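Comments concern the structure below.
The values are calculated or read from the model by the stated rules, or taken from the named source; none is laboratory data. These numbers come from a predicted model, not from an experiment. Please note: Cβ atoms are built from the backbone with ideal geometry, for glycine as well, and neighbour counts cover all protein chains shown. Only protein heavy atoms, including side chains, enter the accessible area calculation; ligands, DNA and RNA are left aside. Shrake-Rupley method; radii C 1.70, N 1.55, O 1.52, S 1.80 Å.
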Amino acid sequence: MKTVNHWIGGKTVEGASGNYGPVTDPATGEVTTQVALASAEEVDAAVQVAKEAFESWGQSSLAARTKVLFAYRALLDANRDAIAELITAEHGKVHSDALGEVARGLEIVELACGITAQLKGELSTSVSSRVDVAAIRQPIGVVAGITPFNFPAMVPMWMFPLAVACGNTFILKPSEKDPSASVKLAELASEAGLPAGVLNVVHGDKVAVDALLAHPDIAAVSFVGSTPIARHIHTTASANGKRVQALGGAKNHMLVLPDADLDAAADAAVSAAYGSAGERCMAISAVVAVGSIADTLVEKIRERAEKIKIGPGNDPTSEMGPLITAAHRDKVASYVKGAADQGADVVLDGTGYTVDGFENGHWIGLSLLDNVKTDSDAYRDEIFGPVLCVLRTETYEEGVALINASPFGNGTAIFTRDGGAARRFQLEIQAGMVGVNVPIPVPVGYHSFGGWKDSLFGDLHIYGNDGIHFYTRGKVVTTRWPDPSDAPAGVDLGFPRNH
(Lines give C-alpha, C1' and ligand atoms only; values in the text may rest on other atoms or scores of the structure.)
Protein backbone atom coordinates (compact mmCIF):
# COMPACT_ATOMS: atom_id res chain seq x y z
CA MET A 1 0.00 0.00 0.00
CA LYS A 2 1.20 3.50 -0.83
CA THR A 3 2.37 5.56 2.16
CA VAL A 4 2.32 9.34 2.29
CA ASN A 5 5.17 10.56 4.50
CA HIS A 6 6.22 13.95 5.81
CA TRP A 7 8.20 16.54 3.83
CA ILE A 8 10.77 18.16 6.11
CA GLY A 9 13.95 20.00 5.24
CA GLY A 10 13.42 19.64 1.49
CA LYS A 11 13.06 15.85 1.47
CA THR A 12 10.72 12.99 2.31
CA VAL A 13 10.92 11.91 5.93
CA GLU A 14 9.32 8.63 6.94
CA GLY A 15 6.94 8.67 9.87
CA ALA A 16 8.48 7.54 13.14
CA SER A 17 5.45 7.39 15.43
CA GLY A 18 4.21 4.06 14.11
CA ASN A 19 0.74 5.56 13.69
CA TYR A 20 -0.93 5.74 10.29
CA GLY A 21 -4.29 6.91 9.04
CA PRO A 22 -6.30 5.50 6.12
CA VAL A 23 -6.81 7.46 2.90
CA THR A 24 -9.85 6.33 0.94
CA ASP A 25 -10.93 6.66 -2.67
CA PRO A 26 -14.40 8.16 -2.12
CA ALA A 27 -15.70 6.79 -5.43
CA THR A 28 -14.98 3.17 -4.52
CA GLY A 29 -14.85 3.22 -0.73
CA GLU A 30 -11.48 1.42 -0.86
CA VAL A 31 -8.50 2.37 1.29
CA THR A 32 -5.80 3.12 -1.27
CA THR A 33 -3.13 4.82 0.85
CA GLN A 34 -1.93 5.25 4.41
CA VAL A 35 -0.61 8.52 5.78
CA ALA A 36 1.96 8.85 8.56
CA LEU A 37 0.64 10.60 11.66
CA ALA A 38 3.26 12.67 13.46
CA SER A 39 4.04 12.55 17.15
CA ALA A 40 4.74 15.71 19.14
CA GLU A 41 8.45 14.90 18.86
CA GLU A 42 8.23 14.76 15.07
CA VAL A 43 6.43 18.10 15.01
CA ASP A 44 9.18 19.57 17.15
CA ALA A 45 11.84 18.24 14.77
CA ALA A 46 10.10 19.92 11.83
CA VAL A 47 9.80 23.21 13.71
CA GLN A 48 13.52 23.14 14.52
CA VAL A 49 14.33 22.65 10.83
CA ALA A 50 12.06 25.58 9.92
CA LYS A 51 13.57 27.72 12.68
CA GLU A 52 17.07 27.11 11.37
CA ALA A 53 15.97 27.87 7.79
CA PHE A 54 14.45 31.16 8.93
CA GLU A 55 17.87 32.45 9.96
CA SER A 56 18.86 32.79 6.31
CA TRP A 57 15.50 32.94 4.50
CA GLY A 58 14.27 35.78 6.72
CA GLN A 59 17.31 37.82 5.68
CA SER A 60 17.13 36.91 1.98
CA SER A 61 16.55 39.58 -0.64
CA LEU A 62 13.15 40.20 -2.15
CA ALA A 63 14.72 39.50 -5.54
CA ALA A 64 15.77 36.03 -4.39
CA ARG A 65 12.32 35.25 -3.00
CA THR A 66 10.40 36.44 -6.05
CA LYS A 67 12.72 34.52 -8.39
CA VAL A 68 11.68 31.33 -6.61
CA LEU A 69 8.00 32.29 -6.62
CA PHE A 70 7.93 33.05 -10.36
CA ALA A 71 9.53 29.66 -11.04
CA TYR A 72 7.03 28.04 -8.67
CA ARG A 73 4.11 29.63 -10.44
CA ALA A 74 5.33 28.20 -13.76
CA LEU A 75 5.72 24.71 -12.30
CA LEU A 76 2.27 24.78 -10.72
CA ASP A 77 0.76 25.82 -14.04
CA ALA A 78 2.58 23.01 -15.86
CA ASN A 79 1.47 20.45 -13.26
CA ARG A 80 -2.10 21.59 -12.65
CA ASP A 81 -3.58 18.42 -14.16
CA ALA A 82 -1.37 16.19 -12.00
CA ILE A 83 -2.35 18.11 -8.86
CA ALA A 84 -6.03 17.94 -9.83
CA GLU A 85 -5.79 14.17 -10.31
CA LEU A 86 -4.44 13.77 -6.76
CA ILE A 87 -7.32 15.89 -5.43
CA THR A 88 -9.91 13.83 -7.29
CA ALA A 89 -8.39 10.52 -6.18
CA GLU A 90 -8.52 11.38 -2.47
CA HIS A 91 -11.26 14.00 -2.13
CA GLY A 92 -13.59 12.78 -4.87
CA LYS A 93 -14.47 16.08 -6.55
CA VAL A 94 -14.75 16.07 -10.33
CA HIS A 95 -11.67 16.98 -12.34
CA SER A 96 -13.04 20.34 -13.48
CA ASP A 97 -13.70 21.36 -9.87
CA ALA A 98 -10.20 20.23 -8.91
CA LEU A 99 -8.69 22.29 -11.74
CA GLY A 100 -10.68 25.29 -10.55
CA GLU A 101 -9.28 24.78 -7.05
CA VAL A 102 -5.71 24.84 -8.39
CA ALA A 103 -6.47 27.97 -10.41
CA ARG A 104 -7.73 29.83 -7.34
CA GLY A 105 -4.63 28.81 -5.42
CA LEU A 106 -2.46 30.09 -8.25
CA GLU A 107 -4.00 33.54 -7.78
CA ILE A 108 -2.32 33.80 -4.38
CA VAL A 109 1.01 32.60 -5.76
CA GLU A 110 0.73 35.39 -8.33
CA LEU A 111 0.03 37.87 -5.53
CA ALA A 112 3.12 36.59 -3.73
CA CYS A 113 5.17 37.13 -6.89
CA GLY A 114 4.43 40.85 -6.51
CA ILE A 115 5.46 40.99 -2.85
CA THR A 116 8.09 43.65 -3.60
CA ALA A 117 5.35 46.24 -4.06
CA GLN A 118 3.44 45.04 -0.98
CA LEU A 119 6.44 45.35 1.34
CA LYS A 120 7.66 48.78 0.25
CA GLY A 121 6.94 50.44 3.58
CA GLU A 122 6.52 54.17 4.19
CA LEU A 123 8.83 57.13 4.75
CA SER A 124 8.21 60.61 6.14
CA THR A 125 11.15 62.99 5.79
CA SER A 126 11.87 66.04 7.93
CA VAL A 127 9.20 65.43 10.53
CA SER A 128 11.45 67.56 12.73
CA SER A 129 14.83 69.14 12.21
CA ARG A 130 16.91 66.48 10.39
CA VAL A 131 14.54 63.74 11.59
CA ASP A 132 13.00 61.11 9.31
CA VAL A 133 10.48 58.38 10.21
CA ALA A 134 10.18 55.10 8.31
CA ALA A 135 7.62 52.30 8.72
CA ILE A 136 8.76 48.85 7.62
CA ARG A 137 7.36 45.33 7.81
CA GLN A 138 9.42 42.30 8.77
CA PRO A 139 8.75 38.53 8.88
CA ILE A 140 7.67 37.00 12.17
CA GLY A 141 9.47 33.64 12.05
CA VAL A 142 8.11 30.10 11.87
CA VAL A 143 4.39 30.01 11.09
CA ALA A 144 1.94 27.11 10.78
CA GLY A 145 -1.09 26.36 8.64
CA ILE A 146 -3.77 23.79 9.51
CA THR A 147 -5.96 23.13 6.48
CA PRO A 148 -9.20 21.22 5.75
CA PHE A 149 -10.04 18.29 3.50
CA ASN A 150 -12.37 20.12 1.13
CA PHE A 151 -9.67 22.13 -0.67
CA PRO A 152 -6.42 20.22 -0.15
CA ALA A 153 -4.46 22.40 -2.61
CA MET A 154 -6.21 25.77 -2.67
CA VAL A 155 -6.36 26.50 1.06
CA PRO A 156 -2.68 25.67 1.67
CA MET A 157 -1.88 28.00 -1.25
CA TRP A 158 -3.94 30.69 0.47
CA MET A 159 -1.34 30.55 3.24
CA PHE A 160 2.23 29.48 2.56
CA PRO A 161 3.05 31.43 -0.66
CA LEU A 162 2.43 34.76 1.10
CA ALA A 163 4.09 33.57 4.30
CA VAL A 164 7.33 32.57 2.59
CA ALA A 165 7.25 35.60 0.27
CA CYS A 166 7.26 37.76 3.41
CA GLY A 167 10.36 35.91 4.65
CA ASN A 168 8.82 33.39 7.06
CA THR A 169 9.24 29.64 7.10
CA PHE A 170 6.17 27.41 7.14
CA ILE A 171 4.85 24.19 8.71
CA LEU A 172 1.79 22.86 6.86
CA LYS A 173 -0.47 20.35 8.64
CA PRO A 174 -2.95 19.31 5.93
CA SER A 175 -6.01 17.15 6.38
CA GLU A 176 -5.06 13.51 6.89
CA LYS A 177 -8.04 12.53 4.70
CA ASP A 178 -6.44 13.75 1.44
CA PRO A 179 -2.76 14.51 2.07
CA SER A 180 -1.07 13.84 -1.29
CA ALA A 181 -1.75 17.19 -2.96
CA SER A 182 0.06 19.10 -0.21
CA VAL A 183 3.19 16.97 -0.62
CA LYS A 184 3.10 17.60 -4.37
CA LEU A 185 2.92 21.34 -3.73
CA ALA A 186 5.98 21.12 -1.46
CA GLU A 187 7.94 19.02 -3.96
CA LEU A 188 7.29 21.55 -6.71
CA ALA A 189 8.36 24.40 -4.42
CA SER A 190 11.64 22.62 -3.82
CA GLU A 191 12.05 22.08 -7.56
CA ALA A 192 11.47 25.82 -8.05
CA GLY A 193 14.43 26.56 -5.79
CA LEU A 194 12.83 27.14 -2.40
CA PRO A 195 15.58 26.39 0.14
CA ALA A 196 15.27 23.30 2.31
CA GLY A 197 13.31 23.88 5.50
CA VAL A 198 11.37 26.92 4.29
CA LEU A 199 8.23 24.86 3.51
CA ASN A 200 7.57 21.68 5.49
CA VAL A 201 4.59 19.32 5.47
CA VAL A 202 3.80 17.37 8.64
CA HIS A 203 0.83 15.02 8.55
CA GLY A 204 -1.12 14.16 11.64
CA ASP A 205 -4.25 14.24 13.72
CA LYS A 206 -5.08 16.04 16.97
CA VAL A 207 -1.69 15.12 18.44
CA ALA A 208 0.11 17.09 15.73
CA VAL A 209 -2.32 19.99 15.91
CA ASP A 210 -1.98 20.33 19.67
CA ALA A 211 1.81 20.22 19.35
CA LEU A 212 1.75 23.08 16.87
CA LEU A 213 -0.60 25.17 19.01
CA ALA A 214 1.63 24.80 22.05
CA HIS A 215 5.06 25.00 20.44
CA PRO A 216 7.01 28.04 21.69
CA ASP A 217 8.81 28.51 18.37
CA ILE A 218 5.61 28.86 16.32
CA ALA A 219 4.83 32.56 15.97
CA ALA A 220 1.46 32.38 14.19
CA VAL A 221 -1.21 29.88 13.18
CA SER A 222 -3.59 30.02 10.21
CA PHE A 223 -6.59 27.68 10.20
CA VAL A 224 -9.60 26.89 8.00
CA GLY A 225 -12.25 24.45 9.19
CA SER A 226 -15.41 24.13 11.27
CA THR A 227 -16.49 26.75 13.80
CA PRO A 228 -16.00 24.62 16.96
CA ILE A 229 -12.44 23.76 15.93
CA ALA A 230 -11.72 27.32 14.80
CA ARG A 231 -12.80 28.59 18.22
CA HIS A 232 -10.55 26.02 19.92
CA ILE A 233 -7.60 26.89 17.68
CA HIS A 234 -8.02 30.60 18.38
CA THR A 235 -8.39 30.18 22.13
CA THR A 236 -5.53 27.74 22.55
CA ALA A 237 -3.00 29.36 20.23
CA SER A 238 -3.76 32.84 21.56
CA ALA A 239 -3.25 31.60 25.11
CA ASN A 240 0.18 30.42 23.98
CA GLY A 241 1.08 33.88 22.71
CA LYS A 242 0.55 33.26 19.02
CA ARG A 243 -1.00 35.38 16.33
CA VAL A 244 -4.09 33.55 15.00
CA GLN A 245 -6.44 33.70 12.04
CA ALA A 246 -9.01 30.92 12.33
CA LEU A 247 -11.72 30.71 9.69
CA GLY A 248 -14.77 28.75 10.79
CA GLY A 249 -17.97 27.41 9.31
CA ALA A 250 -20.77 29.03 7.38
CA LYS A 251 -24.43 29.06 6.48
CA ASN A 252 -24.40 31.23 3.38
CA HIS A 253 -27.70 32.74 2.31
CA MET A 254 -28.90 33.91 -1.08
CA LEU A 255 -31.71 36.48 -0.94
CA VAL A 256 -33.85 36.45 -4.10
CA LEU A 257 -36.11 39.49 -4.58
CA PRO A 258 -39.30 39.41 -6.67
CA ASP A 259 -37.69 41.42 -9.49
CA ALA A 260 -34.75 39.05 -9.92
CA ASP A 261 -33.96 37.09 -13.06
CA LEU A 262 -35.23 33.76 -11.74
CA ASP A 263 -33.46 31.66 -14.35
CA ALA A 264 -30.13 33.25 -13.41
CA ALA A 265 -30.94 32.86 -9.71
CA ALA A 266 -31.83 29.18 -10.16
CA ASP A 267 -28.65 28.52 -12.15
CA ALA A 268 -26.63 30.22 -9.43
CA ALA A 269 -28.36 28.35 -6.61
CA VAL A 270 -27.70 24.96 -8.22
CA SER A 271 -24.03 25.61 -8.97
CA ALA A 272 -23.39 27.23 -5.59
CA ALA A 273 -25.27 24.67 -3.50
CA TYR A 274 -24.23 21.47 -5.23
CA GLY A 275 -20.82 22.26 -6.74
CA SER A 276 -18.02 20.22 -5.17
CA ALA A 277 -20.85 18.20 -3.59
CA GLY A 278 -21.59 21.13 -1.28
CA GLU A 279 -18.34 20.50 0.63
CA ARG A 280 -17.19 24.11 0.73
CA CYS A 281 -17.54 26.94 3.19
CA MET A 282 -18.74 29.27 0.43
CA ALA A 283 -21.59 27.01 -0.69
CA ILE A 284 -25.00 28.63 -0.80
CA SER A 285 -26.92 26.38 1.56
CA ALA A 286 -29.98 28.60 2.18
CA VAL A 287 -32.07 30.44 -0.40
CA VAL A 288 -34.39 33.10 1.01
CA ALA A 289 -37.19 33.66 -1.48
CA VAL A 290 -39.09 36.92 -1.05
CA GLY A 291 -42.76 37.23 -1.94
CA SER A 292 -44.69 35.41 -4.64
CA ILE A 293 -41.70 34.09 -6.61
CA ALA A 294 -40.94 31.24 -4.20
CA ASP A 295 -42.93 28.49 -5.92
CA THR A 296 -41.53 29.34 -9.35
CA LEU A 297 -37.96 29.57 -8.03
CA VAL A 298 -38.17 26.23 -6.24
CA GLU A 299 -39.47 24.55 -9.37
CA LYS A 300 -36.68 26.02 -11.50
CA ILE A 301 -34.07 24.81 -9.00
CA ARG A 302 -35.64 21.34 -8.92
CA GLU A 303 -35.63 21.07 -12.73
CA ARG A 304 -31.94 21.93 -12.90
CA ALA A 305 -30.88 19.79 -9.94
CA GLU A 306 -32.50 16.68 -11.39
CA LYS A 307 -30.27 16.95 -14.45
CA ILE A 308 -26.95 16.96 -12.56
CA LYS A 309 -24.96 13.82 -13.35
CA ILE A 310 -23.32 12.22 -10.32
CA GLY A 311 -20.38 9.88 -10.77
CA PRO A 312 -16.67 9.28 -10.20
CA GLY A 313 -14.58 12.43 -10.28
CA ASN A 314 -12.29 11.07 -12.98
CA ASP A 315 -15.23 10.50 -15.35
CA PRO A 316 -15.33 13.54 -17.69
CA THR A 317 -19.12 13.36 -17.85
CA SER A 318 -19.59 13.59 -14.07
CA GLU A 319 -20.77 16.94 -12.71
CA MET A 320 -20.70 16.00 -9.02
CA GLY A 321 -18.65 13.39 -7.19
CA PRO A 322 -19.01 11.50 -3.90
CA LEU A 323 -18.52 12.83 -0.38
CA ILE A 324 -15.18 12.46 1.38
CA THR A 325 -16.12 9.61 3.77
CA ALA A 326 -18.99 7.21 4.40
CA ALA A 327 -19.46 8.67 7.89
CA HIS A 328 -19.83 12.17 6.46
CA ARG A 329 -22.27 10.88 3.83
CA ASP A 330 -24.41 9.32 6.54
CA LYS A 331 -24.36 12.52 8.60
CA VAL A 332 -25.49 14.60 5.62
CA ALA A 333 -28.25 12.09 4.87
CA SER A 334 -29.53 12.33 8.44
CA TYR A 335 -30.43 16.00 7.96
CA VAL A 336 -32.54 15.17 4.91
CA LYS A 337 -34.25 12.24 6.60
CA GLY A 338 -35.21 14.36 9.59
CA ALA A 339 -36.29 17.43 7.62
CA ALA A 340 -39.94 16.46 7.12
CA ASP A 341 -40.41 15.79 10.83
CA GLN A 342 -39.22 19.34 11.49
CA GLY A 343 -41.67 20.98 9.10
CA ALA A 344 -39.85 21.05 5.75
CA ASP A 345 -41.17 19.90 2.39
CA VAL A 346 -38.69 17.45 0.84
CA VAL A 347 -38.78 18.38 -2.84
CA LEU A 348 -35.74 16.24 -3.71
CA ASP A 349 -34.39 13.44 -1.53
CA GLY A 350 -30.85 12.44 -2.46
CA THR A 351 -30.36 9.83 0.25
CA GLY A 352 -29.93 6.25 -0.85
CA TYR A 353 -28.32 7.26 -4.14
CA THR A 354 -25.76 4.88 -5.67
CA VAL A 355 -23.73 4.73 -8.88
CA ASP A 356 -23.71 1.53 -10.92
CA GLY A 357 -20.38 -0.23 -10.66
CA PHE A 358 -19.34 1.93 -7.69
CA GLU A 359 -21.88 0.79 -5.12
CA ASN A 360 -19.43 1.07 -2.21
CA GLY A 361 -18.60 4.69 -2.93
CA HIS A 362 -19.63 7.51 -0.62
CA TRP A 363 -22.57 8.57 -2.75
CA ILE A 364 -25.45 10.87 -2.03
CA GLY A 365 -27.78 12.63 -4.41
CA LEU A 366 -28.93 16.23 -4.48
CA SER A 367 -31.52 17.22 -1.88
CA LEU A 368 -33.82 20.24 -1.97
CA LEU A 369 -35.83 21.23 1.11
CA ASP A 370 -38.59 23.86 0.90
CA ASN A 371 -40.43 25.77 3.64
CA VAL A 372 -37.55 25.14 6.03
CA LYS A 373 -37.96 26.58 9.52
CA THR A 374 -35.20 28.59 11.18
CA ASP A 375 -35.28 26.37 14.28
CA SER A 376 -34.73 23.13 12.33
CA ASP A 377 -31.46 21.21 12.35
CA ALA A 378 -31.12 21.43 8.56
CA TYR A 379 -31.08 25.22 8.80
CA ARG A 380 -29.12 25.79 11.99
CA ASP A 381 -26.19 23.46 11.24
CA GLU A 382 -23.52 23.62 8.57
CA ILE A 383 -24.40 20.43 6.70
CA PHE A 384 -21.41 20.55 4.32
CA GLY A 385 -23.10 18.47 1.67
CA PRO A 386 -25.43 18.79 -1.36
CA VAL A 387 -28.48 19.94 0.59
CA LEU A 388 -30.18 23.24 -0.25
CA CYS A 389 -32.74 24.79 2.11
CA VAL A 390 -35.35 27.25 0.88
CA LEU A 391 -36.91 29.69 3.34
CA ARG A 392 -39.71 32.13 2.52
CA THR A 393 -40.30 35.69 3.63
CA GLU A 394 -42.80 38.32 2.55
CA THR A 395 -40.47 41.33 2.43
CA TYR A 396 -36.86 42.36 1.89
CA GLU A 397 -36.67 43.55 5.52
CA GLU A 398 -37.79 40.15 6.83
CA GLY A 399 -35.20 38.44 4.65
CA VAL A 400 -32.35 40.62 5.89
CA ALA A 401 -33.44 40.15 9.51
CA LEU A 402 -33.51 36.37 9.01
CA ILE A 403 -29.99 36.33 7.54
CA ASN A 404 -28.58 38.66 10.18
CA ALA A 405 -29.99 36.47 12.95
CA SER A 406 -27.72 33.61 11.88
CA PRO A 407 -24.64 33.08 14.08
CA PHE A 408 -22.60 32.67 10.91
CA GLY A 409 -21.47 35.60 8.79
CA ASN A 410 -19.18 34.19 6.13
CA GLY A 411 -20.73 35.14 2.79
CA THR A 412 -24.10 36.05 1.36
CA ALA A 413 -25.65 37.15 -1.92
CA ILE A 414 -28.60 39.05 -3.29
CA PHE A 415 -30.28 38.59 -6.66
CA THR A 416 -32.16 41.63 -7.89
CA ARG A 417 -32.37 44.10 -10.77
CA ASP A 418 -32.73 47.01 -8.33
CA GLY A 419 -29.48 48.86 -7.67
CA GLY A 420 -30.92 50.65 -4.66
CA ALA A 421 -31.93 47.38 -3.01
CA ALA A 422 -28.51 45.89 -3.73
CA ARG A 423 -26.79 48.93 -2.22
CA ARG A 424 -28.89 48.70 0.94
CA PHE A 425 -28.18 44.99 1.19
CA GLN A 426 -24.41 45.27 0.97
CA LEU A 427 -24.44 47.86 3.77
CA GLU A 428 -27.07 46.27 6.03
CA ILE A 429 -26.09 42.60 5.85
CA GLN A 430 -23.83 41.24 8.58
CA ALA A 431 -21.37 39.14 6.61
CA GLY A 432 -17.77 39.49 5.57
CA MET A 433 -18.29 38.80 1.86
CA VAL A 434 -21.26 39.91 -0.25
CA GLY A 435 -22.27 39.00 -3.77
CA VAL A 436 -24.65 41.03 -5.93
CA ASN A 437 -26.08 38.72 -8.60
CA VAL A 438 -23.01 36.57 -7.89
CA PRO A 439 -23.67 33.30 -6.02
CA ILE A 440 -20.31 32.66 -4.31
CA PRO A 441 -18.55 35.89 -3.39
CA VAL A 442 -15.03 34.44 -3.04
CA PRO A 443 -12.77 37.48 -3.47
CA VAL A 444 -9.96 37.53 -6.01
CA GLY A 445 -6.47 37.04 -4.63
CA TYR A 446 -5.61 40.69 -4.10
CA HIS A 447 -8.66 41.20 -1.86
CA SER A 448 -8.89 39.34 1.43
CA PHE A 449 -11.20 36.40 2.26
CA GLY A 450 -12.99 36.13 5.59
CA GLY A 451 -16.28 36.32 7.38
CA TRP A 452 -17.84 37.86 10.47
CA LYS A 453 -19.32 36.49 13.68
CA ASP A 454 -18.78 32.74 14.19
CA SER A 455 -17.16 32.40 10.77
CA LEU A 456 -13.89 34.08 11.79
CA PHE A 457 -11.84 34.14 14.98
CA GLY A 458 -9.05 36.69 14.90
CA ASP A 459 -8.73 40.18 13.48
CA LEU A 460 -7.22 39.59 10.05
CA HIS A 461 -8.73 37.82 7.07
CA ILE A 462 -6.76 35.42 4.88
CA TYR A 463 -4.65 36.36 1.81
CA GLY A 464 -4.77 39.82 0.17
CA ASN A 465 -3.48 42.76 2.21
CA ASP A 466 -4.74 41.20 5.46
CA GLY A 467 -2.69 38.08 4.75
CA ILE A 468 0.46 40.10 4.20
CA HIS A 469 -0.11 41.99 7.44
CA PHE A 470 -0.74 38.73 9.28
CA TYR A 471 2.59 37.27 8.18
CA THR A 472 4.60 40.41 8.97
CA ARG A 473 4.93 42.82 11.88
CA GLY A 474 5.40 46.53 11.65
CA LYS A 475 8.37 48.49 12.88
CA VAL A 476 8.78 52.26 12.95
CA VAL A 477 12.29 53.70 12.73
CA THR A 478 12.95 57.31 13.72
CA THR A 479 16.32 58.63 12.53
CA ARG A 480 18.26 61.84 13.18
CA TRP A 481 21.65 62.54 11.60
CA PRO A 482 23.76 65.62 12.26
CA ASP A 483 24.60 67.70 9.24
CA PRO A 484 28.04 66.69 7.86
CA SER A 485 29.12 70.33 7.97
CA ASP A 486 28.95 70.06 11.77
CA ALA A 487 31.60 67.35 11.90
CA PRO A 488 34.13 67.65 14.75
CA ALA A 489 37.25 69.65 14.17
CA GLY A 490 39.93 67.65 12.42
CA VAL A 491 37.42 65.49 10.51
CA ASP A 492 37.20 66.65 6.90
CA LEU A 493 34.23 65.20 5.00
CA GLY A 494 34.60 67.67 2.18
CA PHE A 495 31.67 69.84 3.26
CA PRO A 496 31.99 73.58 3.90
CA ARG A 497 31.76 74.48 7.58
CA ASN A 498 29.01 76.70 8.95
CA HIS A 499 31.44 78.66 11.11
Looking across region 392-418 at residues that are in contact with a Ser or Thr (Cβ under 7 Å, 6 or more places away or on another chain) and among the aliphatic types (A, V, I, L, M), the single one that is surrounded by the most Cβ atoms within 10 Å (Cβ to Cβ) is 403
Inter-residue pairs, beta-carbon under 8 Å, first among the hydroxyl-bearing types (Ser, Thr, Tyr) and in region 332-355, second part of a helix (DSSP H, G or I) and surrounded by fewer than 18 Cβ atoms within 10 Å (Cβ to Cβ), 6+ apart: 335/377; 351/337
In region 332-389, anything in a helix (DSSP H, G or I), open to solvent by 50 Å² or more (accessible area, probe 1.4 Å) and within 19 Å of residue 294 (Cα to Cα) is listed as 340
In region 287-296, is there at least one residue being open to solvent by less than 20 Å² (accessible area, probe 1.4 Å), in contact with a strand residue (DSSP E or B) (Cβ under 8 Å, 6 or more places away or on another chain) and either in a loop (DSSP other than H, G, I, E, B) or of a type in the set (Lys, Arg) (or both)? no
Out of the strands (runs of 3 or more DSSP E) lying entirely within region 1-100, which hold 2 or more residues that are within 29 Å of residue 353 (Cα to Cα) and either open to solvent by 50 Å² or more (accessible area, probe 1.4 Å) or of a type in the set (Val, Ile, Thr) (or both)? 20-25, 30-36
Considering each residue of region 200-221, count those that are open to solvent by 10 Å² or more (accessible area, probe 1.4 Å), in contact with a helix residue (DSSP H, G or I) (Cβ under 6 Å, 6 or more places away or on another chain) and closer than 23 Å to residue 468 by Cα, and give that number. 2
Scan region 188-199 for residues that are at positive phi and surrounded by fewer than 17 Cβ atoms within 10 Å (Cβ to Cβ) and jot them down. 193
For the structure I just gave you, tell me whether residue 178 is at pLDDT 95 or above, open to solvent by 20 Å² or more (accessible area, probe 1.4 Å) and not small (Gly, Ala, Ser). no
Determine which single condition residue 109 fails, assuming it passes every other condition in (1) open to solvent by less than 60 Å² (accessible area, probe 1.4 Å); (2) in a strand (DSSP E or B). (2)
Just a yes or no: is a residue in region 410-427 at pLDDT 95 or above, within 22 Å of residue 247 (Cβ to Cβ) and in contact with a Phe, Trp or Tyr (Cβ under 7 Å, 6 or more places away or on another chain)? no
Taking the conditions exactly as written (touching an Asp or Glu at 6+ places or on another chain (Cβ under 9 Å) and over 26 Å from residue 318 (Cβ atoms)), does residue 257 satisfy them or not? yes
Within region 482-499, identify whether any single residue is among the hydroxyl-bearing types (Ser, Thr, Tyr), modelled with pLDDT under 95 and in a helix (DSSP H, G or I), and answer yes or no. yes
Test result for residue 27, among the aliphatic types (A, V, I, L, M), under 14 Å from residue 203 (Cα atoms) and touching a residue at least 60 places away in the same chain (Cβ under 8 Å): no
Which one of these does residue 421 not meet: (1) hydrophobic (A, V, I, L, M, F, W, C); (2) in contact (Cβ under 8 Å) with a residue 12 or more places away in the chain; (3) outside any loop (DSSP other than H, G, I, E, B); (4) open to solvent by 50 Å² or more (accessible area, probe 1.4 Å)? (4)
Criterion (crowded, with 24+ Cβ neighbours inside 10 Å, out of contact with any Cys (no Cβ under 9 Å at 6 or more places or on another chain) and of a type in the set (Val, Ile, Thr)) met by exactly one of 164, 183: 164
For region 238-261, indicate whether the set of residues that are in contact (Cβ under 8 Å) with a residue 12 or more places away in the chain and in a helix (DSSP H, G or I) is non-empty. no
Quick one: residue 172 ticks every box in (1) in a helix (DSSP H, G or I); (2) among the hydrophobic types (A, V, I, L, M, F, W, C); (3) under 19 Å from the mean Cα position of the chain (by Cα) except a single one, so which number is it? (1)
Whether any residue in region 75-83 is more than 30 Å from residue 384 (Cα to Cα), of a type in the set (S, T, N, Q) and in contact (Cβ under 8 Å) with a residue 40 or more places away in the chain is what I want to check. no
Output the residues belonging to region 424-434 that are open to solvent by 10 Å² or more (accessible area, probe 1.4 Å) and either part of a helix (DSSP H, G or I) or over 20 Å from residue 285 (Cα atoms) (or both). 424, 426, 427, 428
Which residues, counting only those in region 299-327, are under 21 Å from residue 394 (Cβ atoms) and buried (at least 24 other Cβ atoms within 10 Å of the Cβ)? 301
Extreme residue, farthest from the chain's Cα centre (by Cα), among residues of region 222-237 that are open to solvent by less than 20 Å² (accessible area, probe 1.4 Å) and either farther than 23 Å from residue 439 by Cβ or free of Cβ contacts under 8 Å to residues at least 24 places away in the same chain (or both): 237
Residue hits (region 126-161; part of a strand (DSSP E or B) and buried (at least 24 other Cβ atoms within 10 Å of the Cβ)) are 142, 143, 144, 145, 146
